[in-house]
Amino acid sequence: MYGAGPRGSVLLIVVFVVALLSAVVVGMIQINTEEIQLMQNHVNIAQAFCIAEAGVEDAIRCLRADKDWDDGFTDKAFATGRYTVQIKRSTITSTGTTAARYQAKMVVDVTVSGSTSPYKVTISAVRINP
């Protein structure tokens, strides 16, 4: 018979505040989830880059031993990923792939000099993800 009165108003305000706080919490959770995914992407890309760099280092090691080496590597295991290395003339191309299938590519121009092993390998240019 009577209107909602002060008790009904307080209940309505409490429900509104709870709904507002719930929306803020859900928004913050979504933002944090996206930030975590972005961070994970950066970690995976950096890991792929390191794997590609390991492929370049492995190729340089082989060139120091044999200046005519051009076999390369196909899907060679390294840490938590794999790399593939191709050598054409004086260019090393290394592609690193993580277990999560992220990839990075390094292309390195080198010059091999010297008359006996270990040969000197000089890097003149490095390109990342060309």
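Across segment 84-130, the qualifying residues are those that are out of contact with any Pro (no Cβ under 9 Å at 6 or more places or on another chain) and among the basic types (Lys, Arg), and the one among them that is nearest to Gln47 (Cα to Cα) is Arg101. Within segment 89-119, restricting attention to residues that are among the basic types (Lys, Arg) and exposed (fewer than 13 other Cβ atoms within 10 Å of the Cβ), the residue that is farthest from the chain's Cα centre (by Cα) is Arg89.
Filtered by the rule that a residue be of a type in the set (D, E, K, R), more than 18 Å from the chain's Cα centre (by Cα) and assigned to a helix (DSSP H, G or I), segment 50-66 gives Glu57, Asp58, Arg61, Arg64. Taking segment 74-90 as the range and being at pLDDT 95 or above and closer than 14 Å to Asp58 by Cα as the test, the residues that pass are Thr74, Asp75, Lys76, Ala77, Phe78, Arg82, Tyr83, Thr84, Val85, Gln86, Ile87.
Restricting attention to segment 67-103, the residues that are out of contact with any Asp or Glu (no Cβ under 6 Å at 6 or more places or on another chain), free of Cβ contacts under 8 Å to residues at least 24 places away in the same chain and assigned to a strand (DSSP E or B) total 8.
The values are calculated or read from the model by the stated rules, or taken from the named source; none is laboratory data. Just so it is clear, the structure is predicted and the values come from calculations on it, not from any experiment. Cβ coordinates were reconstructed from backbone atoms using ideal geometry, including for glycine residues, and neighbour counts include every protein chain displayed.
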